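This report refers to the structure that appears directly beneath it.
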Amino acid sequence: MHPAPRSLGSLPPDVMSDVREVLRPPPAPDFPPLPGARADGPVSVAVATTAADGAIVLAKRTHHRILVVLLESVTLVIEERNHQLEATEAIWLPPGDVAARLVPARAAQFLVLGAAWPGSAPNARRPVRDAAGRLRDLGLWLQMERNASFPGADTYRSCVLELMSREWQRLATDETGALEKRLRAFVLEHLDRPLTLDELARHLGMGRYHLCRKYREVTGLSPMHAVRAVRIEQARALIRDTSMPMRLIARQVGLRSEQHLSRLLRLHFDVGVKDIRQSRAPDEP
């Protein structure tokens, strides 16, 4: 949390709005309870990496089925509705749900797991984005151990599935990390030019009002204030680590002037340019 400026009362209304945004703490995510798994019976796992084998696994209505897309895209047809999943996205079908067809793109790579497992899956049919690759890694881990017969192997497989379910719950209920990372990556790709709320919404696949509501809900900030925060963070790094003139730094991070940049640095970090440059480590040039 950044410290507030020393004299808030003298700031104009638009700056006061910035201060309130920076100081407002984000809400804590609400994680619903998830029933635990039992390992009191065999835990069988089927794995497929081709469309034909994947369709067989997905047709097992008595199993949990997990599809993780590794490369390109895959279309999954569930009750005549198409679900297109891109790379890093995944979907979990609990027992009872029927997947009619699996249609991968030409160069698609994916992993389909089917498991006879007494645990439960939250947010069924809702795709999640596995940006960190944890579901992928756990799925590959489970793939290697699906036929293992060492003592306690069923409990072992059940624990891996439980961990996948918990990670799924985190991804499905706490969107903070995914939404922030996608917005931040987009801003960094276009750092030197102005960005509008409409551009952010289009990139994130949301309407502008839905984006504002969701981003504030999960971070406590508006999307445009998050854009400004990325610009200021990058500017501070350039001031600290380079000898670039302020006017060039302001231009490189998409701010209109060095005066504007100086004011925002003082507002967000309560330090000036001279203080930041003096904070460089002694052994740095």
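The numbers here are math on the coordinates, done by the rules we state, and not lab data. Note that this is a predicted model, so its numbers are computed, not measured. In this analysis, Cβ positions are derived from the backbone assuming ideal geometry, glycine residues included, and neighbour counts consider all displayed protein chains.
Before moving on, here are some points about what is shown:
- Magnitude of the charge dipole for segment 177-278, about its Cα centre and with charges confined to Cβ atoms of Lys, Arg (+1) and Asp, Glu (-1), is about 140 debye.
- The simple Förster model, with R0 at 30 Å and r as the Cβ-Cβ distance, assigns Met244 and Leu197 a FRET efficiency of 0.55.
- Loop-located GluC sites (Glu not before Pro) in segment 53-117 whose Cβ has at most 15 other Cβ within 10 Å (DSSP): Glu72, Glu79, Glu80
- 5 angstrom amide H check on Arg61, placed H, neighbours 5+ away: none
- Cα centroid separation - segment 105-121 against segment 59-77, whole Å: 5 Å
- Selection of trypsin sites (Lys or Arg not before Pro), segment 61-138, meeting DSSP coil and at most 16 other Cβ within 10 Å: Arg61, Arg106, Arg125
- Pair Ser44, Thr173: separation of 7 Å Cα→Cβ label points (nm): 3.2 nm
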